[in-house]
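For reference, the structure is listed below as structure tokens.
The values are calculated or read from the model by the stated rules, or taken from the named source; none is laboratory data. For clarity, every value in this text was computed on a predicted model and none was experimentally measured. Here Cβ is always computed from backbone atoms with ideal geometry, including for glycine, and neighbour counts include all displayed protein chains.
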Amino acid sequence: MNQKHQDTKAPAVEYLDSSSTDSVPGTLEGFHKQLQLLPPYRWLSQAIAGSGISARGLLIATPYLWLLLFFLAPFLIVLKISFSEYAIAQPPYTALFEWVDDIYIQVKLNLENYQLLYEDSLYWRAYLNSVKIAGISTLLALLVGYPLAYGMTRAPRHWRLALLMLVILPFWTSFLIRVYAWIGILKKEGLLNLLLLNLGVIDQPLTVMNTDIAVYIGIVYSYLPFMVLPLYASLEKMDDSLLEAAADLGCRPIKSFWQITFPISIHGVIAGCFLVFIPALGEFVIPDLLGGSGTLMIGKTLWAEFFSNRDWPLSSAVAVVLLLILVVPIVAFQKMQEKDKVA
Amino acid sequence: MNKGLSWFTWSALIVGFSFLYLPIILLILFSFNESKLVTVWGGFSTKWYVELFNNQGLMNAAWVTLKVAFVSSTVATLLGTMSGVMLTRFGSFRGRTLFSGMIYAPLVMPEVITGLSLLLMFVAISWDRGFATVTIAHITFSMCYVAVVVQSRLATFDHSIEEAAMDLGCPPGRTFFAITLPIILPAVVSGWLLSFTLSLDDLVIASFTTGPGATTLPMKIYSQVRLGVTPEINAVSTILVGLVAVGVLVASVISRRSEANRLRDERLAVAET
């Protein structure tokens, strides 16, 4: 192969060729070499290698077009449909643009959906409640996650990687299953009540399932890794000698925590809070499975509007407003990250 | 001061990790429960696993889910790796800001919105929903995760190795396969695994974008969970958790070994000069 280029070979290519004879089979370069025996692969790789510029263009175009087509375009369609009217048809909404006499395009911008979101208290209460539930859950996650992250950085060095893995592992396991696991614990005849009743702590089973409390527990549990990882990263960089110096000078541990440790970890605290708050705001599965009928959250409202009421224009409007609400924390987070990079 | 662990550290670690793991452990434990009642221990039994494999609906859904996950994670890894390389190595190209925006936005986008928007588009172009549409939806959000993972790996290794190869006349495509790809391979592999588990796990986006005949396992689990806790679902969950745990462990062993190999090679290279 490559006979034609034999004499014009550049030194690096020559080196690679010579080393490939004794290169371990199974490595990627060896695999690449073996594949070269197949004409289509050879042509493709030669075509790509031969034309640096067009390959670059091709490389940029593929993922770019994909995202334009399947991320940006769908979103513009949501925006469009949010301005149309509900209709009993297939699909269930009216057209935004209409040809009149084949000359004019008539644009019917229907603002009723947005007006309804503003006027019907159900919707803005759902938005406010989502912010409240996400906010409280974020604080609770900080309260649970901080000691854990702190404990991890105090653990012996050779434990830390394993502990880190243990924090990340639940993130890989199914979200749905982790939420489901709590149903068996929290329900009326569940394991928590069973334990507390047997211990004699309570004599009436607690009602936790299908309340906001269950939703808090679910969110804290599901998003805890997002809180712990940035906290751990910021706490690990801390120099122990600072605390030792403070102790030598007679500073009490609690005071030195607030004076030294917490300020050092503040970036981790903020990052962790954003990483929990943002996904919790639009959460659907947790309020739906653990929350009750009184648990209003906007993700649930959107789902019901779409699947139960089949009001596509209204659910599109709900989605647009939810995104506008999300833009605030997301932009704030981005700004903060950029500032950190500069500092 | 740092002799041994203080009581505070111990209790923080024990409480924190029990909170993270106890629910999963209980779930696994009760999947081996003889009794139909989930909270009453009726002795050890594997009958729910047997029942599970006889449940045709669940098995079909599992098969659909595995197919979707495999195809979508493979395509997503390809597109995501390309995107990661573009973002770190191509300097500024036209529309770069828009592109990086489109890479990061799906990561923070609520699933209900992603699902809704894709569905509305598939309806608008009257594309019948089913296996293909779910797969496309999963590729779209997974490739962004892969891009971020690959990008962070590319950002940490020395660009001058690639420049050296190209200075010596190695064409860019070849440089990528000979130098760049082997170095970022651990990131590519973990990107693939991440996409696979994300796809395996997704309920919301699949519910929006799927059609008749392409019900995924999470959708099946969800509809049963709404009716209550069953030992059968515990058994499915246990299998899924087990698969993921084994996958993550294998991946971490592979990545640690490849890292060790790379360090050894680098040391050898330095010693030879």
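Could we say that B:L227 is surrounded by fewer than 12 Cβ atoms within 10 Å (Cβ to Cβ) and free of Cβ contacts under 8 Å to residues at least 40 places away in the same chain here? Yes. Mind checking whether some residue in the range A:187-195 is part of a helix (DSSP H, G or I) and either not hydrophobic (A, V, I, L, M, F, W, C) or not assigned by TED's automatic domain parsing to the domain that holds A:I298 (or both)? Looking for residues that are part of a helix (DSSP H, G or I) and either not hydrophobic (A, V, I, L, M, F, W, C) or not assigned by TED's automatic domain parsing to the domain that holds A:I298 (or both), one finds at least one in the range A:187-195, hence yes. Taken together, the residues in the range A:251-263 that are within 12 Å of another protein chain (Cβ to nearest Cβ) and either in contact (Cβ under 8 Å) with a residue 40 or more places away in the chain or not in a helix (DSSP H, G or I) (or both) amount to 0. Condition check: among the acidic types (D, E) and away from chain B (no Cβ under 12 Å). Does A:E305 satisfy that? When the stated conditions are applied, A:E305 does not pass them. Checking A:I77, A:I133 one by one, the residue that is modelled with pLDDT of 85 or more, assigned to a helix (DSSP H, G or I) and touching a Pro at 6+ places or on another chain (Cβ under 8 Å) is A:I133 and no other.
Within the range B:67-97, the residues that satisfy the criterion of being among the polar types (S, T, N, Q), in contact with a Phe, Trp or Tyr (Cβ under 9 Å, 6 or more places away or on another chain) and more than 10 Å from chain A (Cβ to nearest Cβ) are B:S72, B:S73, B:T74, B:T77. Residues in the range B:25-61 that are crowded, with 20+ Cβ neighbours inside 10 Å and within 26 Å of the chain's Cα centre (by Cα): B:L27, B:S31, B:L52, B:L58, B:A61. Within the range A:272-297, residues that are without any contact (Cβ under 8 Å) to a residue 24 or more places away in the chain reach partners that are in a helix (DSSP H, G or I) and among the hydrophobic types (A, V, I, L, M, F, W, C) with beta carbons closer than 8 Å, at six or more positions or on different chains, in the pairs A:F284/A:L302; A:F284/A:W303; A:F284/B:V112; A:F284/B:V204; A:D288/A:W303.
Restricting B:C144, B:C170 to those that are outside any helix (DSSP H, G or I) and surrounded by 20 or more Cβ atoms within 10 Å (Cβ to Cβ) reduces the list to B:C170. Give the residues of the range B:220-273 that are within 22 Å of B:A62 (Cα to Cα) and over 25 Å from the mean Cα position of the chain (by Cα), sorted by residue number. Of everything in the range B:220-273, those that are within 22 Å of B:A62 (Cα to Cα) and over 25 Å from the mean Cα position of the chain (by Cα) turn out to be B:R226, B:L227, B:G228, B:V229, B:T230, B:P231.
Highlighted here are the helices (runs of 4 or more DSSP H) found entirely within the range B:184-273 that include at least 2 residues which are of a type in the set (D, E): B:231-272.
Quick grid of which residues meet (1) within 30 Å of A:V220 (Cβ to Cβ); (2) within 7 Å of chain A (Cβ to nearest Cβ); (3) free of Cβ contacts under 8 Å to residues at least 24 places away in the same chain:
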{"position": "B:F19", "(1), (2), (3)": "yes, yes, yes"}
{"position": "B:K36", "(1), (2), (3)": "no, no, no"}
{"position": "B:V50", "(1), (2), (3)": "no, no, yes"}
{"position": "B:N54", "(1), (2), (3)": "no, no, yes"}
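Residue selection: B:V150 satisfies the criterion of being among the β-branched types (V, I, T) and in a helix (DSSP H, G or I).
Here's the yes/no breakdown for (1) within 12 Å of another protein chain (Cβ to nearest Cβ); (2) more than 16 Å from B:V71 (Cα to Cα):
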site: B:G191; (1), (2): no, no
site: B:L194; (1), (2): yes, no
site: B:S199; (1), (2): yes, no
site: B:V204; (1), (2): yes, yes
site: B:T210; (1), (2): no, no
site: B:T216; (1), (2): yes, no
site: B:M219; (1), (2): yes, yes
site: B:V225; (1), (2): yes, yes
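One residue stands out among those in the range B:248-273 that are in contact with a helix residue (DSSP H, G or I) (Cβ under 6 Å, 6 or more places away or on another chain) and within 11 Å of another protein chain (Cβ to nearest Cβ): the one that is surrounded by the fewest Cβ atoms within 10 Å (Cβ to Cβ), which is B:S258. Evaluation of A:D203 against the conditions (1) more than 12 Å from chain B (Cβ to nearest Cβ); (2) closer than 25 Å to B:V225 by Cβ; (3) in a loop (DSSP other than H, G, I, E, B); (4) not basic (K, R) shows that the sole unmet condition is (2).
One line per residue, one yes/no per condition, for (1) surrounded by 13 or more Cβ atoms within 10 Å (Cβ to Cβ); (2) within 30 Å of B:R226 (Cα to Cα); (3) touching a strand residue (DSSP E or B) at 6+ places or on another chain (Cβ under 6 Å); (4) in the same structural domain as A:Y223 (by TED's automatic domain parsing):
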{"residue": "A:S84", "(1), (2), (3), (4)": "yes, no, yes, no"}
{"residue": "A:Y104", "(1), (2), (3), (4)": "no, no, no, no"}
{"residue": "A:K108", "(1), (2), (3), (4)": "no, no, no, no"}
{"residue": "A:Y114", "(1), (2), (3), (4)": "yes, no, no, no"}
{"residue": "A:V144", "(1), (2), (3), (4)": "yes, yes, no, yes"}
{"residue": "A:R160", "(1), (2), (3), (4)": "yes, no, no, yes"}
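Among the candidates A:D311, A:D340, A:D288, A:D239, the residue that is at pLDDT below 90 and under 30 Å from A:L111 (Cα atoms) is uniquely A:D311.
From the list A:I298, A:I266, A:I254, the one residue that fits, being modelled with pLDDT under 85 and in the same structural domain as A:S130 (by TED's automatic domain parsing), is A:I254. When B:S152, B:S142, B:S100 are checked against the criterion of being more than 9 Å from every other protein chain (Cβ to nearest Cβ), more than 27 Å from A:G299 (Cβ to Cβ) and within 25 Å of the chain's Cα centre (by Cα), a single residue qualifies: B:S152.
The condition (being farther than 21 Å from A:G294 by Cα and either away from every other protein chain (no Cβ under 11 Å) or in contact (Cβ under 8 Å) with a residue 12 or more places away in the chain (or both)) is satisfied by just one residue among A:I133, A:I168: A:I168.
In the set (1) more than 7 Å from chain B (Cβ to nearest Cβ); (2) at pLDDT below 65, A:G52 fails one condition alone, (1).
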